[in-house]
Amino acid sequence: MAEEKRFEMKVRRYLDEIGAWYLKTISNGYQKAGVPDLLICHKGRFIGVELKATHGRVSELQKHQIKQIKEAGGIALVIYPKDFKDFKHLMEEI
């Protein structure tokens, strides 16, 4: 299994543990390009999370969507495996 997929499963297990609602997006031509991998609702907050493997890069479209989510009042971020503890801390702070 690829690193990014393993990381996604770890994040999804954590979201299940804390009772967050989430949707795993699938790039299939029917949704906006660059939408974050996970759309999360937790304690009334909207969070868009783009997951990346250790050496993954964020595309310009992904950066654009993250900016739009932030401008709309949501939380949007890119997380790498090394950022998992920080992500958990963010979710606990909400």
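Working from Cα pairs under 8 Å separated by at least six residues, relative contact order for the chain is 25 percent. Surface analysis of the chain yields an accessible area of 65 Å² per residue, using protein heavy atoms and a 1.4 Å probe. Rolling a 1.4 Å probe over the protein heavy atoms of the chain, with every protein chain left in place, gives an accessible area that is 53 percent carbon and sulfur.
Here the Gaussian network model covers the chain, with springs between Cα atoms less than 10 Å apart; of H55, H42, H64, H55 fluctuates the most. Computed over the chain with a Gaussian network model linking Cα atoms closer than 10 Å, the most mobile of L38, L61, L77 is L61. Computed over the chain, the per-residue total of -39500 (n - 2.57) for DSSP H runs of n ≥ 4 gives a 222 nm mean residue ellipticity of -12500 deg cm²/dmol, rounded to 500.
Using C-alpha pairs below 8 Å separated by at least 6 residues, the relative contact order for the stretch 11-64 is 28 percent.
Computed over the alpha-carbon atoms, the chain gives an Rg to Rh ratio of 0.93, Rh here being the Kirkwood radius from the mean inverse distance. As an exercise, use a Förster radius of 35 Å and the Cβ-Cβ distance of C41 and R6 to find the FRET efficiency, rounded to the nearest 0.05. The pair C41/R6 has a calculated efficiency of 0.90. Computed extension gain for K67 through F84, at 0.36 nm per residue and net of the alpha carbon distance, reaches 4.0 nm. Using the Cβ-Cβ distance between T25 and E92 with R0 set to 35 Å, the FRET efficiency from 1/(1 + (r/R0)^6) comes to roughly 0.90. Build a GNM of the chain with springs between Cα atoms under 10 Å apart, and of G73, G44, G29 the one that fluctuates most is G29.
The values are calculated or read from the model by the stated rules, or taken from the named source; none is laboratory data. Being a predicted model, the structure only gives us computed values, none of them experimental. Positions of Cβ are backbone-derived with ideal geometry, glycine not excepted, and every protein chain shown enters the neighbour counts. The area values use the complete protein model at the heavy-atom level, side chains included, leaving out ligands, DNA and RNA. Shrake-Rupley method; radii C 1.70, N 1.55, O 1.52, S 1.80 Å.
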